[in-house]
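Please read the structure below before turning to the comments.
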Amino acid sequence: MSLGLIWFTLADSTIAPNFNLTDAVIGNVQEKAMKLHNASNSEMVLYSYSIGFVYILLGLTCTSGLGPAVTFCAKNPIRTYGYAFLFSLTGYFGISFVLALIKIFGALIAVTVTTGRKAMTIVLSFIFFAKPFTFQYVWSGFLVVLGIFLNVYSKNMDKVRLPSLYDLINKSVEARKSRTLAQTV
């Protein structure tokens, strides 16, 4: 799965380089903090967003970006605050879902689900919007799906029995024999 994600990222970097390294760290840090402090999802959202708010406020203040932002919001209060409310509400539900995944299943499953969501978003963006395409996306997506399958299969080997190569060959031979007999009748 990691190889597929690396390959996918390399394909994306050749077409449109845009990286966010913090995404890889956030899930593990949140899982560690939730276990260490026995925090609920709501507490995690509160502290994560509060710390993020302070960082962004300091960044805007240091770069003189706060004044134009306040002016723009004052000129368009309904549109800006309405969009901010909707964005905050959907963001809260989204992060609560991810934190519930982290708390119940662990960071690996949560990252797998969010990566699957991102992959689906990328696939939909190819369908609905004009975007450069390379077949490296297909192969890397196949590797990611294969990695997820092998991960799930390795944890459930006692419940799921995959057929051996010998069973597949026998089944194929039997299917050919039955088709041949059915076609001659």
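The values are calculated or read from the model by the stated rules, or taken from the named source; none is laboratory data. Please read these numbers as outputs of a predicted model, since none were measured by experiment. Quick reminder, even Gly has a Cβ in these numbers, built from the backbone with ideal geometry, and neighbours come from all protein chains shown. The area values use the complete protein model at the heavy-atom level, side chains included, leaving out ligands, DNA and RNA. Shrake-Rupley method; radii C 1.70, N 1.55, O 1.52, S 1.80 Å.
Worth pointing out:
- Within segment 43-69, the residues that satisfy the criterion of being among the polar types (S, T, N, Q) and within 18 Å of A84 (Cβ to Cβ) are S48, S50.
- Every residue from segment 7-54 that is small (G, A, S), at pLDDT below 80 and under 20 Å from A107 (Cα atoms): A24, G27
- Qualifying residue in segment 153-167 (condition: charged (D, E, K, R), at pLDDT 75 or above and either in contact with an Asp or Glu (Cβ under 9 Å, 6 or more places away or on another chain) or loosely packed, with under 12 Cβ neighbours inside 10 Å (or both)): yes
- Residue check for P77: open to solvent by less than 70 Å² (accessible area, probe 1.4 Å) and not hydrophobic (A, V, I, L, M, F, W, C): yes
- Taking helices (runs of 4 or more DSSP H) as the structural unit, those lying wholly within segment 55-155 and holding at least 3 residues that are under 16 Å from the mean Cα position of the chain (by Cα) and in contact (Cβ under 8 Å) with a residue 24 or more places away in the chain correspond to 77-105, 107-128, 136-155.
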